[in-house]
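The values are calculated or read from the model by the stated rules, or taken from the named source; none is laboratory data. Everything quoted here is computed from the prediction, not taken from an experiment. Cβ: placed from backbone, ideal geometry, glycine included. Neighbour counts: every protein chain shown. The area values use the complete protein model at the heavy-atom level, side chains included, leaving out ligands, DNA and RNA. Shrake-Rupley method; radii C 1.70, N 1.55, O 1.52, S 1.80 Å.
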Amino acid sequence: MKIEGPEGLDKNGNGVIYLSETVSHLTFEQPDKLKERVIATKVSGSDNGFSYGTALTTFYNFYDDYVDFEVKMVSPLAKGAFGYYKYKFEGSTFDEQGHEINKIKIIPRRDKEPVFEGYIYIVSGSWAIYAVDVDIKGYRVQMPPLKSLKLQQNFSHNASNGLWAKNSQTFDFEAGMFGINFTGKFTHVYSNYVFHDKFDKKTFGREVVSYEKDAIKKDSTYWTANRPVPLTDEETKDYIKKDSLRKVRENPARLDSIANKRSRFGVLSVISGHSWNGTRRDSTNTKNITTSRFTYNGFEIPMYNTVQGWNTENGFSYSKYGGKLPFTASVTANYGLAEDRFRFRGAFSPYIRKVGTFHFTGGNSIVQFNPNEPISPLVNTISSLVFKNNYMKLYDKTFMGVSYSKTLFDRLSLTGGVEYSRRKALFNNTDYVLIKNTDDYFSNNPLNPLDNTSVPFATHYVTKATVDGQFIWPYDYMSTPYGGKVKLSDDNLPTLGFHYEKIFAANKEQYKYDFVSVSSTYRTSFDNKGNFGIAVNAGKFFGADGISFADYKHFNGNQTHYTTMDSRLKSFNLLPYYTASTNNSYLELHAEHDFNGYIMNKIPLLNLLQWNLIVGYHGLMTPDTKPYHEFTAGFGNIGLGAFRILRVDYVRSFQGNVATNGVMFSLAL
């Protein structure tokens, strides 16, 4: 079997994987206002590519208390830095202008903390930074594949105003995983400074990075004249090699040959699936542009539940790109062996420019009572076949609906829809299990899991209208050369959403109701002291005394010992799936703080583990049940070497006089 590596490597695995250059005009105001206009950018092997490696992503200021890498690293000049570093004076020299430069070695007090080691050079009298030469270890920034990174900065003195300004920055890194090692180097040169006493208020806005119209079209003459650091022989050869390969790749005959080869449907495609692309040649007659794609999905890995037994899905989809009416369409078939039944559903989603996106759906599905699907098919399969715990509860839904989505005023994202559905209860059709035991499977009735003859609701018909909205806070963004926007990090801004639903037509009056809810999630970091997240959800039903159990508010419980990393602010750990479901009001709270090594790194011996202490709280209040509370404490970043994907939590829950405890596992996949 032949395995192809990244383009640019020779047969021995040596070569340049990625090479790019960028020239930018920067506008900066202390302490953190930055605006960048990219004048020229190029990527080896691409005639229209642009690099995301802008100055914004590599702005490291050692005058700040913390320098932001993957974690907040403590600057050797930070307030309280003596708690993290020891310093050794190693002599002084004078520069060409007569400034005395002190060489100071910075030594970490504790090896596992987010700290630098190396040297910092300080100007006597002004105490300005003259140069920085530090090493960053991968385990200190919790990036196991990173072995080391050397960061160097140099500053020059401006005689007219006495300021020391950065004139160069380089960092070299070495990383590796699975026996594959690679190195990299980034060089930044800062020149042509113009100093201002102040900037106009309109200088800095939400657009942080922009590209000039011809930024990706600069020819070799421009780069030869403006490149501050000459290319190495290896880099020169890489440009020549990859540009030649690009011309070969874009040869029309080759593109047509590849398209024909990819369109062939093989024997394994029956299982794995296959796609066919519709293409057209662009105006330069050198490239094939994908205009549509038809996909045969192939069979999903079979899963197991006690209603369908072993089940799988297959289907087709078609997407049309560009043109007056881009759209996607799909048809999916689901089959359960024990139930011996096919279910079909379809969707059609056209996008109308300046109007919005429509989404038409219809068919027949088997769905969980909780639409958030708190137990995945894989987890339910293992839980059922190994432990005989069939926690997934399902009902049959025949439906047709339409929804519409649009963003208004760049600040409010709205989705509204109407759906007609018939709901029907289902029963278990199999008791197959891999590991035999004397226990019986639970019934498919979440209200009475020990009764295999009762149903949670009678068959009924309803028409439901929904409106979902999310407020979009003003955010910083990067404008691309093609007119698009790339949203930059806004972790310190909360999300705020609302939901309204109403069943306004039903075969029985008792199924009608109104429901409204609001939700908010907020994440932030406390410098090197860790990351905090909190989520609050609240809602209330009106006129819902006799509604179907399918329309109750169901909470994301858990009765297994496994959870996912991204569900920590959305779910509980020990709450049974449907015991707290309500048709009344509720208040739900989730909070968690990951100390990110802040505590563990200071404890001798335990700091060798490099684990992160994580604590959390989860609470739920409804008028129907006693308040439910969970307190968690655990460790993340568990593993060996570069493999640190395990997290383990101890959970203690309280509801009235009842206390429960358990252990939860999760993987960072």
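For segment 108-139, how many residues are of a type in the set (Lys, Arg), open to solvent by 40 Å² or more (accessible area, probe 1.4 Å) and closer than 21 Å to Gly641 by Cα?
Going through segment 108-139 one residue at a time, the tally reaches 2.
Being loosely packed, with under 10 Cβ neighbours inside 10 Å and under 20 Å from Thr57 (Cα atoms) is the filter here, so list the residues in segment 186-235 that pass it.
Ser191
What are the residue pairs meeting all of these: first residue in segment 385-404, first residue under 15 Å from Leu426 (Cβ atoms), second residue in a strand (DSSP E or B) and among the hydrophobic types (A, V, I, L, M, F, W, C), Cβ atoms under 7 Å, and 6 or more apart or on different chains?
Pairs that qualify, where the first residue is under 15 Å from Leu426 (Cβ atoms) and the partner is in a strand (DSSP E or B) and among the hydrophobic types (A, V, I, L, M, F, W, C), are Leu394/Ile366; Leu394/Val367; Tyr395/Val367; Tyr395/Ala425; Asp396/Ile366; Lys397/Val367.
List every residue pair whose Cβ atoms sit under 7 Å apart, with the two residues 6 or more apart in sequence or on different chains, where the first one lies in segment 93-109 and is under 20 Å from Leu77 (Cβ atoms) and the second, anywhere, is not in a strand (DSSP E or B).
Pairs that qualify, where the first residue is under 20 Å from Leu77 (Cβ atoms) and the partner is not in a strand (DSSP E or B), are Glu100/Ser124; Ile101/Asp95; Asn102/Ser124; Ile106/Pro76; Ile106/Phe116; Pro108/Tyr84; Arg109/Tyr84.
Okay, residues lined up against (1) within 30 Å of the chain's Cα centre (by Cα); (2) modelled with pLDDT of 95 or more; (3) over 25 Å from Gly656 (Cβ atoms); (4) not charged (D, E, K, R):
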site	(1), (2), (3), (4)
Phe542	no, yes, yes, yes
His561	yes, no, no, yes
Ser581	yes, yes, no, yes
Asn601	yes, no, yes, yes
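I'd like the full set of residues that are closer than 23 Å to Asn390 by Cα, buried (at least 17 other Cβ atoms within 10 Å of the Cβ) and in contact with a Phe, Trp or Tyr (Cβ under 9 Å, 6 or more places away or on another chain), limited to segment 314-340.
Listed by number, the residues that qualify are Asn334, Tyr335, Gly336, Ala338.
Can you tell me which residue within segment 143-176, out of those that are more than 28 Å from Glu29 (Cβ to Cβ), out of contact with any helix residue (DSSP H, G or I) (no Cβ under 8 Å at 6 or more places or on another chain) and open to solvent by 50 Å² or more (accessible area, probe 1.4 Å), is modelled with the highest pLDDT?
Within segment 143-176, the match that is modelled with the highest pLDDT is Lys150.
Looking only at segment 136-168, how many residues end up being over 12 Å from Phe116 (Cβ atoms), more than 25 Å from the chain's Cα centre (by Cα), of a type in the set (A, V, I, L, M) and part of a strand (DSSP E or B)?
Adding up the residues that qualify gives 1.
Working only within segment 305-339, note down all residues that are small (Gly, Ala, Ser) and farther than 19 Å from Gly362 by Cα.
Result: Gly309, Gly322, Gly323, Gly336, Ala338.
How many of the residues making up segment 545-568 are open to solvent by less than 30 Å² (accessible area, probe 1.4 Å), touching a residue at least 40 places away in the same chain (Cβ under 8 Å) and not basic (Lys, Arg)?
Total satisfying the criteria: 12.
Would you pick out the residues in segment 236-276 that are open to solvent by 50 Å² or more (accessible area, probe 1.4 Å), among the aromatic types (Phe, Trp, Tyr) and modelled with pLDDT of 80 or more?
Trp276
Of the residues that make up segment 458-476, is at least one in a loop (DSSP other than H, G, I, E, B) and among the acidic types (Asp, Glu)?
Checking segment 458-476: at least one residue is in a loop (DSSP other than H, G, I, E, B) and among the acidic types (Asp, Glu).
Which of the residues belonging to segment 389-410 are of a type in the set (A, V, I, L, M, F, W, C) and either assigned to a strand (DSSP E or B) or open to solvent by less than 30 Å² (accessible area, probe 1.4 Å) (or both)?
Met392, Leu394, Phe399, Met400, Val402, Leu408
Could you say whether any residue in segment 647-657 is without any contact (Cβ under 8 Å) to a residue 12 or more places away in the chain and assigned to a loop (DSSP other than H, G, I, E, B)?
yes
Could you tell me whether any residue of segment 116-129 is charged (D, E, K, R) and in a loop (DSSP other than H, G, I, E, B)?
No: zero hits.
Quick check on Leu77: is it part of a strand (DSSP E or B), modelled with pLDDT of 85 or more and either in contact with a helix residue (DSSP H, G or I) (Cβ under 6 Å, 6 or more places away or on another chain) or surrounded by fewer than 20 Cβ atoms within 10 Å (Cβ to Cβ) (or both)?
No, not satisfied.
Would you mind stating whether Ser517 is small (Gly, Ala, Ser), touching a strand residue (DSSP E or B) at 6+ places or on another chain (Cβ under 9 Å), in contact (Cβ under 8 Å) with a residue 60 or more places away in the chain and closer than 30 Å to Thr357 by Cα?
So Ser517 fails the test.
Considering only segment 636-646, state which residues are within 21 Å of the chain's Cα centre (by Cα) and open to solvent by 70 Å² or more (accessible area, probe 1.4 Å).
Phe643, Ile645, listed by residue number.
Within segment 411-433, is there a residue that is loosely packed, with under 14 Cβ neighbours inside 10 Å, free of Cβ contacts under 8 Å to residues at least 24 places away in the same chain and assigned to a loop (DSSP other than H, G, I, E, B)?
Within segment 411-433 (the criterion being loosely packed, with under 14 Cβ neighbours inside 10 Å, free of Cβ contacts under 8 Å to residues at least 24 places away in the same chain and assigned to a loop (DSSP other than H, G, I, E, B)), the answer is no, since none of the residues qualifies.
For segment 592-624, enumerate the residues that are touching a Gly at 6+ places or on another chain (Cβ under 9 Å) and open to solvent by 20 Å² or more (accessible area, probe 1.4 Å).
Selection gives Glu592, His593, Asp594, Phe595, Asn596, Tyr598, Ile599, Asn607, Gln610, Trp611, Leu613, Val615.
Using the structure shown, decide if Ile599 is of a type outside the set (D, E, K, R) and closer than 18 Å to Thr563 by Cβ.
Here the answer is no, as Ile599 does not meet what is asked.
Identify all residues within segment 110-123 that are out of contact with any helix residue (DSSP H, G or I) (no Cβ under 7 Å at 6 or more places or on another chain) and modelled with pLDDT under 95; write none if there are none.
Asp111, the sole residue that qualifies.
For segment 480-536, please list each of the strands (runs of 3 or more DSSP E) lying entirely inside it that holds at least 2 residues being modelled with pLDDT of 95 or more and over 19 Å from the mean Cα position of the chain (by Cα).
Per the criteria, 495-506, 513-525.
Could you please tell me which pairs satisfy a Cβ distance under 7 Å, a separation of 6+ or placement on different chains, a first residue in segment 273-285 that is closer than 19 Å to Ser319 by Cβ and outside any strand (DSSP E or B), and a second residue that is of a type in the set (S, T, N, Q) and modelled with pLDDT of 60 or more?
Once the first residue is closer than 19 Å to Ser319 by Cβ and outside any strand (DSSP E or B) and sits in segment 273-285, its partners that are of a type in the set (S, T, N, Q) and modelled with pLDDT of 60 or more give Gly273/Thr295; Gly273/Asn297.
May I ask you to list the residues in segment 466-483 that are hydrophobic (A, V, I, L, M, F, W, C) and crowded, with 17+ Cβ neighbours inside 10 Å?
Of everything in segment 466-483, those that are hydrophobic (A, V, I, L, M, F, W, C) and crowded, with 17+ Cβ neighbours inside 10 Å turn out to be Ile472, Met478.
Please enumerate the residues belonging to segment 366-375 that are open to solvent by less than 50 Å² (accessible area, probe 1.4 Å) and either in a strand (DSSP E or B) or free of Cβ contacts under 8 Å to residues at least 60 places away in the same chain (or both).
Ile366, Val367, Gln368
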